[in-house]
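Some notes on the structure that comes next.
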Amino acid sequence: MTLDNDFIRSQFPAFSQAALDGQAFFENAGGSYTCGQVIDRLTRFYTERKVQPYGPYEASELAGAEMDEARKRLAGILGVATHELSFGPSTTQNTYVLAQAFGQWLKEGDAIIVTNQDHEANTGPWRRLADRGIEVREWCVDSETGSLSLDDLGALLDDKVKLLCFPHCSNVVGEINPVREICAIARDAGIYTCVDGVSYAPHGLPNVGALGPDVYLFSSYKTYGPHQGIMVMREGLGMELPNQAHYFNADVLYKRFTPSGPDHAQVAACAGIADYIDAVYAHHGGVDARAATRGEAVHDLMRNYESELLQPLLDYLGDKNSVRLIGPRNASAKAPTVAMRSHKSGLQLAEELAPMGINAGGGDFYGVRCLKGLGIDPEHGVLRVSFVHYTSKAEVDKLIDALDRVL
């Protein structure tokens, strides 16, 4: 079944705003538009339930119930237990807290593996563990393709390694890494895995339970919701690591790694993401009652639609001698996050595209290590154009026409 883009766009109020008319949004890797279901829930919470939740009066009970609903329904879509999902102020903050826990748990002489393909938020906090005597090993990208080789990973593994941190896909390279295979390799070696899903989840929430990581992180403001970080922590690891929250919350898994109180309204509004996924599923004829099945079906609808739009863009850029296209040329292996280097700086290209109604970004995108690994000066940077399933074919055609004028 083909995704109904007209229906999808009707679910996002941004597309009916006069101020955005004629603007094609290609900066979705930095944050997506918010679906109407989330906006409605956020408005209702602020107008009817903006009180301390979990109290004995109705407004408070409703506030707490909606927060619990968000956790339960998103966990179901992700294929994990409700108590294995937690919210935090951002994925960067969640990763930092998690790294502090691992820093207390690991012993001097233990080793962890990180990559230089990541956004800095999923590599910097781990690298700082070197200050505690932890050996940090780097799984490096191929300097030409930006890919991570499983053979290179195998050469880094031994009985000293306790943790492997890597992205589901890079916010620069865009290549979709084989998470299930990598996690199986690590699990067989007795190594925990932490997967940064921030750049992948906007293209369809994955079945994390089936993929097999011990930790999976993503940001709800990139999956059509409010500005929260969402973290799946599997129970076995979560109860083994030292508690980072108030001592009296030590027995509650979803509270152990959120030392600051969550934003009640935003957590509650995240249930709107589940509302949206269910609406997409129902509109396309879905009838299965299981949340994970609904999530997988919508994931596939999004990915297939995005791949159809992405391939012509990759073909166009791949044939252009004036740019270096980063990452795979095959849309099936790549998220629609497309970075390119030209003789013009990334920022200059973005500035030239803006008057043409193309909203894109230029720079290093916190992937400084990745760009250096590719031999690209981060100061010069890349132009990055990124989209999700609400992008129309007409907008991609407009982008290609605009690129042809500036490249």
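Dividing the C-alpha radius of gyration of the range 176-299 by 2.2 N^0.38 Å, with N its residue count, gives 1.15. The order of Met1, Met233 by accessible area, most exposed first and with a 1.4 Å probe, is Met1, Met233.
Where only protein heavy atoms count, and the probe is 1.4 Å, what is the accessible area per residue for the chain in Å²? List each step's numbers first, then the result.
Working: 16070 Å² over 407 residues.
The answer is 39 Å² per residue.
Rolling a 1.4 Å probe over the protein heavy atoms leaves Arg294 with an accessible area of roughly 40 Å². Taking only the C-alpha atoms of the range 101-147, Rg followed by Dmax gives 11.8, 37 Å.
Solvent-accessible surface (1.4 Å probe) assigned to Phe166 amounts to roughly 0 Å². Seen from a random direction on average, the alpha-carbon convex hull of the chain projects onto 19.9 square nanometres.
Per the Cα gyration tensor, the range 168-231 maps to an equivalent ellipsoid with semi-axes of 22, 13, 9 Å, ordered largest to smallest.
Using Cα pairs under 8 angstrom and six or more residues apart, how large is the relative contact order of the range 163-232, in percent?
That works out to 29 percent.
Could you tell me the ratio Rg/Rh of the range 1-96? Both radii from Cα atoms, Rh via Kirkwood. That ratio is 1.04, to two decimals. The Cα-based radius of gyration and maximum Cα-Cα distance (Dmax) for the range 282-357 are 17.1, 52 Å.
Stokes-Einstein diffusion for the range 146-195 at 37 °C, viscosity 0.692 mPa s, with a Kirkwood radius from C-alpha pairs, works out to 290 µm²/s. For the range 126-206, applying the loop criterion from DSSP together with a ceiling of 12 other beta carbons within 10 Å to the GluC sites (Glu not before Pro) yields Glu144.
Every Cα-Cα pair in the range 232-366 was counted, and those over 27 Å apart are 53% of them.
Under the Kirkwood approximation applied to all pairs of distinct alpha-carbon atoms, what is the hydrodynamic radius of the range 38-166 in Å?
Numbers: mean 1/r = 0.0561 Å⁻¹.
Answer for the range 38-166: a Kirkwood hydrodynamic radius of 17.8 Å.
Spatial offset of the range 30-84 relative to the range 362-407 amounts to 34 Å, using the alpha carbon center of each.
The fraction of accessible area contributed by carbon and sulfur in the range 257-329 is 50 percent, rounded to a whole number (1.4 Å probe; ligands and nucleic acids excluded). Each distinct pair of alpha carbons in the range 98-194 adds a 1/r term; the inverse of their mean, the Kirkwood radius, is 13.5 Å.
The values are calculated or read from the model by the stated rules, or taken from the named source; none is laboratory data. The structure presented is a predicted model; accordingly, all values stated were derived computationally and were not measured. When we count neighbours, we look across all protein chains shown, and the Cβ atoms used for this are built from the backbone with ideal geometry, even at glycine. The area values use the complete protein model at the heavy-atom level, side chains included, leaving out ligands, DNA and RNA. Shrake-Rupley method; radii C 1.70, N 1.55, O 1.52, S 1.80 Å.
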